[in-house]
Amino acid sequence: MGADHDRRDAAVETALYQPTFFATMMRWGWMDTVLRQRARDILRRSGLSRHLPAEGLLLDLGAGTGHLSEAVMRRMPGRRCVAVDGAYAPPARLAARMRRRDFQALSGDGARLPFADGCFDAAWIGFVLHHMPEASQERVLAEAARVLRPGGVLVLLEDTPATERERRTTLAADRRLNIEPASAPHHYRSPAAWRALLPTLGYVVDEEVPFTRLFPPATLRRVWHRAFVCRTVGRGAIISSPDPPPPPSPSAMGGEK
Ligand SMILES: C[S@@+](CC[C@H](N)C(=O)[O-])C[C@H]1O[C@@H](n2cnc3c(N)ncnc32)[C@H](O)[C@@H]1O
């Protein structure tokens with residue numbers, strides 16, 4: 001039963017995360033409507049847009065379908081925006097709406113961005129980092145610091161359960177929202193842990209905005225989110241090694257054969 005269950009979960013996960021499956025869902029207009037409304041709700045509750053400069057080059061890192069980029073650019077003709085995501089791309093409906101805007105979407109890894117140092121005025125990372133292990137979170141944040149100009153703004157939007165009970169509620173709601181199987185790992189940090197980490201990677205945290213009850217209501221209980229509004233100082237921490245080196249073999253260490 002256990003092995004069958006694991007195999008079924010793995011198959012469901014693989015199917016759900018196929019770009020073609022996602023593209024099919026996006027062709028249904030109601031998904032687009034839900035994601036537009038969600039993006040507007042995130043802006044209203046987190047204050048994301050008001051923390052970003054009114055003009056300049058902005059980066060949406062881990063943009064998903066790009067609905068947050070669209071909401072951030074609404075009625076702001078001076079904002080230019082690049083959306084980067086490892087898996088998703090803007091669906092046709094959103095791409096058509098954005099055609100007249102200064103908006104580009106690329107697929108890429110947030111830990112290795114194809115941009116020069118200091119070329120963005122501001123960036124945001126929305127509900128992305130808890131989907132990757134802690135070391136990868138740090139690499140993505142360091143990479144964002146590299147591509148931001150000194151004094152550039154980063155807004156980090158994260159799920160931030162502070163207790164075990166909050167973590168369980170957040171996990172259940174997030175899995176439901178993202179249509180994830182129970183095996184999908186999530187790597188949450190508490191508000192205090194983010195507050196301690198960000199300065200080590202070249203950021204000053206200017207403000208924290210707690211918010212909850214985002215649309216759509218994936219759970220009837222509260223889910224804890226936070227916006228960390230940061231500025232870059234200096235060049236940030238350089239985290240260059242993508243993976244820790246393998247331990248030396250016994251023979252290389254001159255140990256027993
Ligand atoms: C929960 S979605 C959030 C999408 C969007 N930011 C939003 O709030 O609607 C997380 C996104 O992070 C992307 N992602 C995960 N790891 C990434 C990486 N290393 N580089 C770029 N994008 C990544 C995933 O493909 C996914 O689209």
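Place a point 7 Å from Cα of C119 in the direction of its Cβ. Which residues in the stretch 127-162 have their backbone N less than 16 Å from it? Under 16 Å, as judged by backbone N against the label point of C119, lie 143-150 of the stretch 127-162. Applying 1/(1 + (r/R0)^6) with r as the Cβ-Cβ distance of R168 and A196 and R0 = 25 angstrom yields a FRET efficiency of 0.60. Considering the stretch 2-232 at the alpha-carbon level, its Rg and Dmax are found to be 17.2, 55 Å.
Among R221, R167, sorting on how many other beta-carbon atoms sit within 10 Å of each Cβ, with the fewest leading, yields R221, R167.
In this simple spin-label model, placing a label point 7 Å from the Cα along the Cα-to-Cβ direction at both L177 and E208 gives a separation of 1.9 nm. Applying 0.36 nm per residue to the separation of A95 and A54 and subtracting their alpha-carbon distance, the gain on full extension is 12.6 nm.
FYI, it's all coordinate maths here, none of it is from the lab. As the structure is a computational prediction, the values presented were derived from the model and not from experiment. Neighbour counts are summed over all protein chains in view; Cβ atoms, including those assigned to glycine, are modelled from backbone coordinates with ideal geometry.
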